[in-house]
């Protein structure tokens with residue numbers, strides 16, 4: 001069960017989403033830092049590919065945002081970061097509920113045997 005593709009994919013998603021939350025927090029903290037370039041976390045496409053190949057285990061990557069910069073050289077957009085944060089938090093909650101459901105099913109199965 002713990003080596004299934006679904007379980008591995010959920011853990012990879014949780015790791016990637018947690019990293020994204022930290023990166024968003026860093027971006028927001030540096031919204032006024034001259035020459036700071038926002039960073040972005042990517043893992044969804046690689047996770048989709050891994051699941052289709054029967055793995056489900058991936059590592060998220062962090063890259064600099066290529067969005068245009070302001071006059072101070074900073075390209076953090078607070079509106080974008082806020083929306084990304086809300087989206088990421090909702091996805092994280094969904095993934096944790098899926099993991100919780102998996103453990104709940106396992107506990108139920110253990111009690112009935």
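Considering (1) over 30 Å from residue 110 (Cα atoms); (2) assigned to a helix (DSSP H, G or I), say which one residue 75 fails and leave the rest.
Failing condition for residue 75: (2).
Name the residue that is surrounded by the most Cβ atoms within 10 Å (Cβ to Cβ), counting only residues in the stretch 36-61 that are touching a residue at least 40 places away in the same chain (Cβ under 8 Å) and closer than 15 Å to residue 6 by Cα.
It comes out as 58.
Go over the candidates 64, 20, 91 one by one and state the one that is in contact with a strand residue (DSSP E or B) (Cβ under 8 Å, 6 or more places away or on another chain), in contact (Cβ under 8 Å) with a residue 60 or more places away in the chain and on the phi < 0 side of the Ramachandran plot.
20
Can you report the number of residues in the stretch 19-39 which are closer than 20 Å to residue 85 by Cα and either part of a loop (DSSP other than H, G, I, E, B) or out of contact with any helix residue (DSSP H, G or I) (no Cβ under 7 Å at 6 or more places or on another chain) (or both)?
Final tally of qualifying residues: 13.
Where a number appears in this text, it was derived from the coordinates with a stated rule and is not lab data. Since the structure is predicted, the reported quantities are computational estimates derived from the model, not experimental observations. As a convention, Cβ positions derive from the backbone with ideal geometry for all residues, glycine included, and neighbour counts pool all protein chains shown.
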